[in-house]
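Colleague: One structure is given below, represented as structure tokens, and several questions about it will come after.
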Amino acid sequence: MISVPEFPASVLHIIPRLSLGGAARALIGIARHSSQSGLFYHSVVSLSPADRRALDLALQAGLKVLPPSTTSEVVAALADADIVHFHYWNSPEMHDLWTQPLPAMRALVWSHVNGQHPPHLITREIVGSADMFVAANPVTLELDSVKSLKSEQAGLILCGADFTRVENIRAEHHATFNVGYIGAVDFAKMHPEFVAMCADIDVPSAHFIVCGTGKAVGTLKRQALALQDKVSLEFLDYVEDVRSIIARLDVFGYPLRESNYSAGELVLQEVMHAGIPAVVLPYGGAPHLIVHGETGLVAKDEKEYARAVEFLYRHPDERNRLGRNAATRAKELFGARNCAEKFNRVYEHLLQRPKAIRGDSSPDLGAMTEVDAHSSRGAALLLRSLGDAAADFRASIFEDPGVLEAEARISSMEPAVGDCILEYWNYFPADRHLALWSGLVLINRGRPASAAAAFRRAIEAGYDHWRAQLYFARAAKAGGATAEAVAALAAARTVAPRPAAGPAP
């Protein structure tokens, strides 16, 4: 007989990092509204140091924030909780935790990524790590790994925005036609031709507002300066009170790159709630929140995106209609309260099940020796997280024929994959494979000094193949360290007389 906990039951949230991003905000919104039912109380563990501002928001919502702790303390917290709610995107912290000996628990995984593209894939290991897998966007349910689950093992719950941030917005008078982008200013998510797409929009009074922080800010500003005769762009840093920005907007222009990882898109929910029509591209999770022609516009490509914005400028009545419909849809279907109510039902269902222990999920690279696997645990975890998309990384580890071509591809992978490699290396700084791959990413990004430091770390950690010395030599030379480059090239030649044969990054 199953022992069902008495209410209120405890829900422990596990998140890679409690930040100001959409996943953490969705978590905080669930906790705030779910606890109001009196059925559940919520706590959270941030596996990496929490952002101070996000921590304050969590405490204001009534969340108990457990302090940074050792793995053993996290495991003990898992055992104590009635329900464990994992918030997933590909992070070394989460995958490291999942490969520890874990206690019996009732667990659910909620994916904050759509799972379509590396590195944020949804593998069978991920969906099988819990009693229930919950998608945050309909597109995730179409993945083969998710479709393999039984109906009672998978569900859909959209992330819920905190609509108190966008209530009672009064439009601010402005002479220009303002198109806004709010969110991560990073080419891992936003379209790399964002500025050119803005310049292609034929609206005489068009003014584009970019609000947010990220690695692409400098590039966007340089591109905007080069096209200043064709496009008017305004750059704002992150702001907590988005009402002041939304009040200035006529249209929300949200073109994301084809390989973006978006799922819940809280900011899209917020602008819809405020009655601002959005124009998006058909990539990732964003288009699945919009009913094309009813609550916004989904453009099929970059050219059509520009024409859609022009259409809304020339048809203000249609713009207003879409905005009204968007607000109605957001209030009925989106938001933290709706999200929490759905999760409360999932929590109640999970409480009817006994706690269970998952099987051993330690990383396995087959041909790697035990010593090698142990010293490269971080690389093993990264490969495991990438599933079938890890072929080039395996070729690098096992030095397959074509390894130079594989490492050339690693160096130029999508920005999100490169970011993920760097995150894993930061978490596993002694891992020689991650150091090598990080060097490849950094040299491709035009950071030769940082790349040289990464290659040096790989060599110091035992990467004694001539390729590491060759890459180090090239990075050192590009960074102006000529003497180091000559020494590294000489070291490479002692092992391989002709190391430069074949392509390399």
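Colleague: D for the chain, whole µm²/s, Stokes-Einstein with Kirkwood Rh over alpha-carbon pairs at 4 °C and 1.567 mPa s: what number?
Modeller: 53 µm²/s
Colleague: Once you sort the root eigenvalues of the Cα gyration tensor of region 1-118 as a ≥ b ≥ c, which label holds: rounded (a/c under 1.5), prolate (a/b larger than b/c) or oblate (the other case)?
Modeller: rounded
Colleague: Kindly provide the Kirkwood hydrodynamic radius of region 164-333 in Å, to one decimal, from all pairs of distinct alpha carbon atoms.
Modeller: Kirkwood hydrodynamic radius for region 164-333: 15.7 Å.
Colleague: Return the percentage of antiparallel bridges among DSSP beta bridges fully within the chain, rounded to the nearest 5 %.
Modeller: Restricted to the chain, the bridges split so that about 5 percent are antiparallel.
Colleague: Which GluC sites (Glu not before Pro) in region 391-432 pass both tests, a DSSP loop state and at most 13 other beta-carbon atoms within 10 Å?
Modeller: Filter output for region 391-432: Glu399.
Colleague: Also, I was wondering about something else. In debye to the nearest 20, how big a dipole does region 1-120 give about its Cα centre with +1 on each Lys and Arg Cβ and -1 on each Asp and Glu Cβ?
Modeller: Computed about the Cα centre, the dipole is about 340 debye.
Colleague: Between region 237-280 and region 141-189, how many Å separate their Cα centres?
Modeller: 8 Å
Colleague: Amide H neighbours of Arg257 under 5 Å, at least 5 residues apart or on other chains, H built in the peptide plane: list them.
Modeller: It is Met190, His191, by chain and number.
Colleague: Also, quick follow-up: About the Cα centre of the chain, how large is the charge dipole given +1 on each Lys and Arg Cβ and -1 on each Asp and Glu Cβ? Please answer in debye to the nearest 20.
Modeller: For this selection, approximately 440 debye.
Colleague: Name the GluC sites (Glu not before Pro) in region 270-364 that are in a loop by DSSP and that have at most 16 other C-beta atoms within 10 Å, would you?
Modeller: In loop regions of region 270-364 (DSSP not H, G, I, E or B), the sparsely surrounded GluC sites (Glu not before Pro) are Glu294.
Colleague: Also: Order of Ser48, Ser91, Ser72 from fewest to most other C-beta atoms within 10 Å?
Modeller: Ser72, Ser48, Ser91
Colleague: When averaged across all projection directions, what area in nm² does the alpha-carbon convex hull of region 370-495 cover?
Modeller: Computing the convex hull of the Cα atoms and averaging its projections yields 7.2 nm².
Colleague: To the nearest 20 Debye, how big is the dipole of region 164-333 about its Cα centre, given +1 on the beta carbon of each Lys and Arg and -1 on that of each Asp and Glu?
Modeller: The calculation lands at about 80 debye.
Just so you know, all these numbers are worked out from the coordinates, no wet-lab data involved. Small disclaimer: the values here were computed from a predicted structure and weren't measured. Positions of Cβ are backbone-derived with ideal geometry, glycine not excepted, and every protein chain shown enters the neighbour counts.
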